[in-house]
Amino acid sequence: MPPGGAPDLLEPVTRCLVANQTSAHSHDDFARRPCHAPRVKLYGTPLSHFTRKVRIVLAELGVPFEMVWARSVLAATPDAYAENPLMRVPALVDDGELVIDSDHIARYLVGRFDPGDRLGVRSERVADLNALAVLDGIMDNEVVLILAKRGGVANLEDIAYFRKLASAIDGALAWIDDRIAPESAAFDYRDITLVCLWQHLLHYQLVGGLDRYAKIAARVARCAERPSVAASTPQASLEAARAAGWQPA
């Protein structure tokens, strides 16, 4: 799909209408389902960058879905996470089938609705696998730091484990920055993950010195105008969730 050609992240009914009319990659039985009842439900929080990865994949593939906003990532029962035993977001339910972990969900969606894998979600190139592992690792580390601070740890830098996580974030960002091609015309799953990571870092401002990574910033800026990206920024996600009646716990 050419840059800028992806469908927007629309309201569920409208998304369904668009997908049924325009997506040649969805299975016929899926495309014929009633538009008022998307079979795919995605559970996540407005500011979860892991959830956002899946939202962008769904939008890029033109798959209609219902967004179920979880109220907190600190809830301590699986029912708050669509019965995900790890009590994490995102979780995806497709006709009663639970799929967990953002990368596993993305692979599942590609297998169901996009056998050609336009976004390279299932790429087995070593460079792609390593890049995705590093990006996911940065996201994991940032989540731990955010939750530690939210849970009452006042001085993260005073604790060796948290210092290590912060140092790994810096080193991993430098690793990505050294290997990225800001002006590439391609757009794939690594770009989706990078955008979600970078804009999450900017939103929370927990990691300093982000101006050191100019190539990352340039690459994200190039991708930022895609409808799937622009409609799912942290601020846009908060606004959409609040409009749907969501309130944080």
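The values are calculated or read from the model by the stated rules, or taken from the named source; none is laboratory data. Computed from a prediction, not measured in an experiment: that's the story for all the values here. Every residue, glycine among them, receives a Cβ derived from its backbone with ideal geometry; neighbour counts consider all protein chains shown.
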TODO: Out of the residues in region 62-101 that are out of contact with any Ser or Thr (no Cβ under 7 Å at 6 or more places or on another chain) and under 20 Å from residue 227 (Cβ atoms), state the one that is surrounded by the fewest Cβ atoms within 10 Å (Cβ to Cβ).
DONE: 66
- [ ] Can you tell me which residue among 71, 107, 88, 112 is in a loop (DSSP other than H, G, I, E, B) and either over 15 Å from the mean Cα position of the chain (by Cα) or modelled with pLDDT of 95 or more (or both)?
- [x] 71
Task: Qualifying positions in region 190-228 - touching an Asp or Glu at 6+ places or on another chain (Cβ under 9 Å), under 22 Å from residue 133 (Cβ atoms), in a helix (DSSP H, G or I) and of a type in the set (A, V, I, L, M) - done: 192, 197, 201, 216, 217, 220
Task: Filter result for residue 88 (under 16 Å from residue 52 (Cβ atoms), touching a helix residue (DSSP H, G or I) at 6+ places or on another chain (Cβ under 9 Å), of a type in the set (Lys, Arg) and outside the structural domain of residue 152 (by TED's automatic domain parsing)) - done: yes
Open item on the list: Which of the numbered conditions does residue 47 fail, given that it passes all the others? Conditions: (1) at pLDDT 95 or above; (2) buried (at least 21 other Cβ atoms within 10 Å of the Cβ); (3) out of contact with any strand residue (DSSP E or B) (no Cβ under 6 Å at 6 or more places or on another chain); (4) outside any helix (DSSP H, G or I).
Closed with: (2)
Task: For residue 104: the one exception among (1) loosely packed, with under 14 Cβ neighbours inside 10 Å; (2) more than 17 Å from residue 52 (Cβ to Cβ) - done: (2)
TODO: Residue by residue through region 72-107, note down the ones that are of a type in the set (Lys, Arg) and in contact with a Phe, Trp or Tyr (Cβ under 7 Å, 6 or more places away or on another chain).
DONE: 88
- [ ] Among the residues of region 192-231, count how many are within 19 Å of residue 142 (Cα to Cα) and small (Gly, Ala, Ser).
- [x] 3
- [ ] Kindly list, by first and then second residue, each pair from a residue in region 75-95 that is of a type in the set (Ser, Thr, Tyr) to a residue that is assigned to a strand (DSSP E or B), limited to pairs with Cβ atoms under 6 Å and residues at least 6 apart or on different chains.
- [x] 81/91
